[in-house]
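Step one of this worksheet: look at the structure below.
The values are calculated or read from the model by the stated rules, or taken from the named source; none is laboratory data. Small disclaimer: the values here were computed from a predicted structure and weren't measured. When we count neighbours, we look across all protein chains shown, and the Cβ atoms used for this are built from the backbone with ideal geometry, even at glycine. For accessibility, only protein heavy atoms count, side chains too; no ligands or nucleic acids. Shrake-Rupley method; radii C 1.70, N 1.55, O 1.52, S 1.80 Å.
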Amino acid sequence: MFQNMEKVKYPFLVLFFLFVYKLHAEDVNLQLAFSMATMSIQNGDYAGARKMLEKISTQCERSADWEIRYKYYLLNGDICYAYDKDVRRFNQYYQQALDAYPLSIPLTQEFLSNAANLCWGLIDDECYEQAEKQAARYLVRGSSLADSCLYSSALFSVLAKCYEQRGDTIMPMHFHDKAQELAIRYHILTTKADSIAIYNDRLDRFKQTMNAAKARFSKKMPNYLLMLNEYCDMIAQAGNLHETIYLAEKTITLATNMHMDYLDGACDAYFYLLYSYASNKQLHEAERALLPAVEYFSRFPQKQVNEAVLLYQIGLGLMDSEQYPEAISYFERTRKLWNVNQQEYRKMIPQLIKQCKEHL
């Protein structure tokens, strides 16, 4: 009896070992494929990345491992957005990825970043109602994440945009304020070793000063405009591009309406606006803002800011967002327009072009 059991035992163990090995090998192969597809995307070989993902599509879509499905759908979404310029398919893939993430698993910064990208994709596709619902949903889910303020800031910017689209004139202001507050919170907490209490006190005092300056805002006392520039700088450093664009546009509009020819109150705002447009892949808007910016800076010759400096800002935004071919084009345009007083910039351009080409 025992001898017969031994005869059965070893074939069973061999089969079990082979089954486990096969599962492990498949998982390793999928992870390797993901790594290779990611590298292809980073190198701009989107067609190669797509072929790689097509080969493993059935395995990924049927996988019981949520992380496999999550990565697979995200990579496909990235290809649709960057290569096909197909926002709708990008949204579909990203939604599938986020839906694959189990409710029982704590959220990560990366998840909230992807959630914000989906919401802005929905806005690009003019699906405002869906974008609003998703932003509210992920704000609630992300509230338990201690350091979620940067991406929560981005989601509040989404809500502001959705309510603006409705024609609401009240709620967008509240959402913009919350987005800006969270962005500044992120900037302070990641650059200064302060306690939350000190941060709250600093933010409250800054807001009180801004409100007082706004109440006294006039052509004779333009402190509010100057403080908006400072506020915009903090939002820009925190990395909320949409909110930076909103504040920069607001500052420029105020300066223009006040006809403050003697005040360079919108100078910094133009830098933030052009950089953020480019970094946010809104190149058409950056070009549209370029001519007014050139005209504005012509009023302040002491600043030595000409078209070349502004093109340089657009180039930096493109480079920082890994849009290397476009960045090279703008740096080349920049190089042709430098004047003799801008030698320090002129030396940097060949280095930046070289760095961009290394990524192609």
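Checking Ala269 against (1) in contact with a Cys (Cβ under 8 Å, 6 or more places away or on another chain); (2) at positive phi; (3) among the small types (Gly, Ala, Ser), which test does it fail?
Only one criterion in (1) in contact with a Cys (Cβ under 8 Å, 6 or more places away or on another chain); (2) at positive phi; (3) among the small types (Gly, Ala, Ser) is unmet by Ala269, namely (2).
Of everything in the range 318-335 that's open to solvent by 20 Å² or more (accessible area, probe 1.4 Å) and among the aliphatic types (A, V, I, L, M), which residue is nearest to Leu273 (Cα to Cα)? It would help to see each step written out before you state the result.
We begin by selecting, within the range 318-335, every residue open to solvent by 20 Å² or more (accessible area, probe 1.4 Å); these are 319-326, 328-329, 332-333, 335.
Add one more test, that the residue is among the aliphatic types (A, V, I, L, M), and what stays is 319, 328.
Numbers: Met319: 16, Ile328: 20 Å.
Across the range 318-335, the extreme among qualifying residues is Met319.
Residue-by-condition table, conditions (1) at pLDDT 85 or above; (2) surrounded by 10 or more Cβ atoms within 10 Å (Cβ to Cβ):
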{"residue": "Phe2", "(1), (2)": "no, no"}
{"residue": "His24", "(1), (2)": "no, yes"}
{"residue": "Leu30", "(1), (2)": "no, yes"}
{"residue": "Ser57", "(1), (2)": "yes, yes"}
{"residue": "Tyr81", "(1), (2)": "yes, yes"}
{"residue": "Asp84", "(1), (2)": "yes, yes"}
{"residue": "Arg88", "(1), (2)": "yes, yes"}
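Name the single residue that is nearest to the chain's Cα centre (by Cα) among those in the range 240-293 being modelled with pLDDT of 80 or more and aromatic (Phe, Trp, Tyr).
This residue is Tyr277.
Restricting attention to the range 143-154, which residues are more than 17 Å from the chain's Cα centre (by Cα) and either surrounded by 15 or more Cβ atoms within 10 Å (Cβ to Cβ) or basic (Lys, Arg) (or both)?
Passing the criteria: only Leu145.
Of everything in the range 299-312, what is part of a helix (DSSP H, G or I), open to solvent by 40 Å² or more (accessible area, probe 1.4 Å) and farther than 11 Å from Cys267 by Cα? Give them in sequence order.
First pass over the range 299-312, keeping only residues part of a helix (DSSP H, G or I): 301-303, 307-312.
Narrowing further to those that are open to solvent by 40 Å² or more (accessible area, probe 1.4 Å): 301-303, 307.
Pro301, Gln302, Glu307, listed by residue number.
Scanning for something within 17 Å of Leu75 (Cα to Cα), among the aliphatic types (A, V, I, L, M) and over 19 Å from the mean Cα position of the chain (by Cα), does the range 107-122 turn up at least one residue?
The answer is no; no qualifying residue exists.
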